[in-house]
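Encoded as structure tokens, the structure appears first; notes follow it.
Every read-out reported here was derived from the displayed coordinates using simple, explicitly stated rules and does not represent laboratory data. This is a predicted model, so every value here is computed, not measured. We place every Cβ from the backbone using ideal geometry, glycine too, and count neighbours over all the protein chains shown.
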Amino acid sequence: MTPSPVRIIHADHLRQFMTDLFTAAGCAREDAGIAADVLAEADLRGYGTHGLLRLPTMIRRLQSGMINRAARPRILQERPGSAQVDADRALGPVGALFGARLALRKAAEAGTAAVGVVNGDHIGLAGYYVEQIARAGYVGLLTSVTQPLVHPLGGSARLLGTNPFAVALPAAGPDPLLLDFATSEIAYGTVLAAQARGALLPGGVAVDAEGRPTTDPARAAQGALAPFGGHKGFGLCLVLGLLAGPLLGAKVGGPLGDAVRAGHYDKGELIIAFDPAAFGSADTFPQAVRAHLDEVKASRKLPGVESIRLPGERAWAERAERLDKGVPIAAEVWQEVAGVAEKLQVPLPPI
């Protein structure tokens, strides 16, 4: 029988399954739930490159000791409007959420707070954390540095991270305005997903190990991704890596790559929270945001354009549909995760 190209899983069952897998790998139930929620939210919003696909790597890192299953993030130093957090080699989502919650608490007192989180792991969906800040009525910003996967503009060597940037603004209505993107042409998870299903990459997004343009994900995995947006995207990628790396006492570039190969993801996340009340009215700002978003949506469109889509709008719609109809999981991703579940003796969820 030919396998189905996807498995449809209810969102609650998916979260529970991932929580059980992380718990079986030795994580505390609370930490397992945090990591599972971040991965599940990625799959719900259509970002499969940051969802269940990432779980086997996280489990392998837990088993190797690269991720500390008993981690306890702690504050290393702080001022009224800032703090540095040692994530204790925690699951990436655990350290990042600790930092986001701390930024919120400190912004409530200082008006603005910046928190650096170091000694963690891959955080998954960057927008998840700033969304939590925005739903509390604050403005949230986050950037993260990743291991070298991107070549400089005009170069071919892996030297920069995919270095995501995310910002969320509270807006009157059900959802905040959420912008979340990697500063590479594609996320590295796109390479992993294409390689798993035997698909090609788009042209112009990657080079092979010799610096030649390639659409072969296996060759791209040995080469480097391109920075997005020409010199502007390259500059943003470069600066964000420095802010989330050396500014916080973490690594960037070649030294970060060396650390990862040695079993220590010595990177950082910079998380900033702003209280609108520190600059005016916390009540009027979300209304003003919504008014401008409505103005943009209602503005004159180019010929052939049906509607103007705002940042995050597609993801919210996808999430609502998948909560109703279930979350599609690619067959190759399901097969790998099912193998992990078998080894950990975790039952598969109903489909």
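Observations on the model:
- At q = 0.26 Å⁻¹ the log10 of I(q)/I(0) for the stretch 306-351 amounts to -0.95, computed by Debye summation with a single uniform scatterer per C-alpha, solvent ignored.
- Rg/Rg_globular for the stretch 202-351, with Rg_globular taken as 2.2 N^0.38 Å and Rg from C-alpha atoms: 1.50
- The phi torsions of the stretch 132-144, fed into the Karplus equation with coefficients 6.51, -1.76 and 1.60 and a -60° offset, translate into couplings of 4, 5, 5, 5, 8, x, 10, 8, x, 10, 8, 9, 9 Hz, rounded to whole numbers, with Gly and Pro shown as x.
- Exposure proxy ranking, count of Cβ atoms within 10 Å, fewest first, for MET66, MET18: MET66, MET18
- Antiparallel DSSP beta bridges within the chain, percent to nearest 5: 85 percent
- Between ALA70 and ALA338, the simple label model (points 7 Å from Cα in the Cβ direction) yields a spacing of 3.6 nm.
- Dipole of the chain, positive direction: furthest Cα of ALA90, TRP334, PRO5, with charges on the beta-carbon: ALA90
- Alpha-carbon gyration tensor eigenvalues x 5, square-rooted, for the stretch 1-44, Å: 23, 12, 7
- Annotation: the residues LYS297, LYS106, sorted from fewest to most other C-beta atoms within 10 Å of their own C-beta, follow the order LYS297, LYS106.
- Dipole of the chain computed with +1 at Lys/Arg Cβ and -1 at Asp/Glu Cβ about the Cα centre; of GLY233, PRO213, LEU178, farthest Cα towards the positive end is PRO213.
- With semi-axes defined as the square roots of five times the eigenvalues of the C-alpha gyration tensor, the equivalent ellipsoid of the stretch 75-153 measures 22, 15, 12 Å, largest first.
- Note that the chain shows a convex hull volume over its alpha carbon atoms of 153 Å³ per residue.
- Only helical runs count toward this figure. For the chain, summing -39,500 (n - 2.57) over DSSP H runs of n ≥ 4 and dividing by all residues gives -13500 deg cm²/dmol at 222 nm.
- Residues THR19, THR49, arranged from fewest to most other Cβ atoms within 10 angstrom of their Cβ, appear as THR49, THR19.
- Relative contact order %, the stretch 184-306, counting alpha carbon pairs below 8 Å whose residues are six or more apart: 15 percent
- Packing order of peptides 244-254, 312-322, highest average first: 244-254, 312-322 (average count of other Cβ atoms within 10 Å over each peptide's residues).
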